[in-house]
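Okay, so here's the structure we're looking at.
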Amino acid sequence: MAFDREEVEAAFRRYWELGAVGEDWDAWCDECFTDDVTYIEHILGNKKGREEVRAWIKPTMQEYGSIYTVYEWHMVGDDGRVVVYMQNRRDNPEPGAPPIDFPGMTVLQYAGDGRFSLEEDFWSLPEGIETMKRYEAACRAHDPDHPNKRTRLDWGNGPDWTKGAASYAESRGARRAS
């Protein structure tokens with residue numbers, strides 16, 4: 001089925017703004033996915049339906065709260081397929097050191113009405129583990145409390161709509177939860 005590119009683009013921007021930027025996981029689930037969404041997460045397990053996604057994403061993002069998602073690029077197909085490439089980033093607790101990243105890619109299938117019926121995530125488990133170990137070592141050496149700060153200091157070079165607050169505490173999701 002063909003979709004209007006502008007419609008798909010608007011849905012993708014909303015998906016990115018609510019999730020990666022805003023970290024408002026309830027709104028992300030409610031506004032961006034069909035009731036029967038298929039969510040394929042090759043490392044952490046597959047989910048079926050909006051409520052199963054919500055029950056998984058909220059505690060997962062709490063557990064890995066030092067990670068945020070930095071936009072690199074995306075493309076939209078005539079069939080409503082969106083592919084986005086990103087960095088899974090942790091701010092480095094060592095002053096002046098670069099962030100600690102590992103890449104990821106997501107494929108979305110647009111279903112109309114601003115919602116996606118499929119999300120499929122790809123990332124490398126070995127790279128995820130290696131960067132976690134580097135981050136933990138940097139925390140031990142420079143700031144053991146750094147994971148609790150949940151900073152988001154380097155949103156990359158993407159468009160303005162791909163950039164969020166300097167910390168989770170300042171995000172839409174945190175403000176909505178309080």
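Annotations
- Beta bridges per DSSP, both residues in the chain: antiparallel share near 85 percent.
- Of the peptides 89-102, 46-59, the ranking by mean beta-carbon count within 10 Å, highest at the top, reads 89-102, 46-59.
- Working value for the chain: equivalent-ellipsoid semi-axes of 28, 16, 16 Å, each the square root of 5 times a Cα gyration tensor eigenvalue, largest first.
- Label zone (D26, point 7 Å along Cα-to-C-beta; backbone nitrogen cut-off 18 Å) within the stretch 55-69: 55-63.
- Proximal lysines relative to K133, as straight alpha-carbon distance under 22 Å, when same-chain residues fewer than 8 apart are discounted: K149
- Spin-label model, E130/N157: points 7 Å from Cα along the beta carbon direction are separated by 2.3 nm.
- Computed extension length for Y85-V107: 7.0 nm, one decimal, from 0.36 nm per residue of separation with the Cα-Cα distance subtracted.
- Computed extension gain for A10 through I40, at 0.36 nm per residue and net of the alpha carbon distance, reaches 8.5 nm.
- For A169, neighbours were defined as the other residues whose beta-carbon sits under 11 Å from its Cβ, and their charges (Lys and Arg +1, Asp and Glu -1) total +2.
- Centre separation in Å (Cα based) which lies between the stretch 122-166 and the stretch 23-48: 22
Any read-out appearing in this document is the output of simple, stated calculations on the displayed coordinates, not a laboratory observation. None of these values were measured; they are calculated from a predicted model. Neighbour counts run over all protein chains shown; Cβ positions are idealised from the backbone, glycine included.
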